[in-house]
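Read the structure below first, then the notes.
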Amino acid sequence: MRNARGFTLVELAVVVVIIGVLAAFAVPRFLASVERSKAAEAFNYLSSIQAAQERYHARQGTYAGDVTDLDIQMTHIKYFTAGTVAAGSTSTLQDSWTLTLTRAGASAGYGEYTVTFTDQGYDSVNSTINALPDINPMQT
């Protein structure tokens, strides 16, 4: 009888099962982490808009109705589509504003969601990302 070298079918099956179990736990967490970083893009963008709106309000006495009027160089947002600046809770741009970004394209199974900021900051009531705590950077 000669010496057999290599792995048996049972050993290979055990390894495949272990890798499958590890992947079943790792892949969803990885996808959530990637989507959370994409959602952070919206929060960074809207935080910049909020700061620029406050500077604009200090100079002009009203909030800007268009982000191109603000004193910042806006980078292109890759994963979201931006709405238009609208009057906020007081129904006039003189006192308040709101802006919503909507997640565009594939979102790792999370579907379409929105992130809304107002003159007061993050609007958790009108942001649908609030229902997705595993990808919401404000809830981690």
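The values are calculated or read from the model by the stated rules, or taken from the named source; none is laboratory data. Bear in mind that the values here come from a model prediction, so they are computed numbers and not experimental data. So basically every Cβ, Gly included, is an ideal-geometry build from the backbone, and we count neighbours across all protein chains shown.
A few points about this structure:
- From the list Thr102, Thr116, the lone residue that is buried (at least 18 other Cβ atoms within 10 Å of the Cβ), assigned to a strand (DSSP E or B), on the phi < 0 side of the Ramachandran plot and of a type in the set (Ser, Thr, Tyr) is Thr116.
One line per residue, one yes/no per condition, for (1) in contact with a strand residue (DSSP E or B) (Cβ under 9 Å, 6 or more places away or on another chain); (2) modelled with pLDDT of 90 or more; (3) part of a helix (DSSP H, G or I); (4) among the charged types (D, E, K, R):
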position	(1), (2), (3), (4)
Leu12	no, yes, yes, no
Val15	no, yes, yes, no
Val21	no, yes, yes, no
Ser37	no, yes, yes, no
Glu41	yes, yes, yes, yes
Leu46	yes, yes, yes, no
Ala52	no, yes, yes, no
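- The sole residue among Ser124, Ser96 that is among the polar types (S, T, N, Q), modelled with pLDDT of 90 or more and touching a helix residue (DSSP H, G or I) at 6+ places or on another chain (Cβ under 6 Å) is Ser124.
- Selection count, the range 57-78, where residues are polar (S, T, N, Q) and either in contact (Cβ under 8 Å) with a residue 12 or more places away in the chain or in a loop (DSSP other than H, G, I, E, B) (or both): 3
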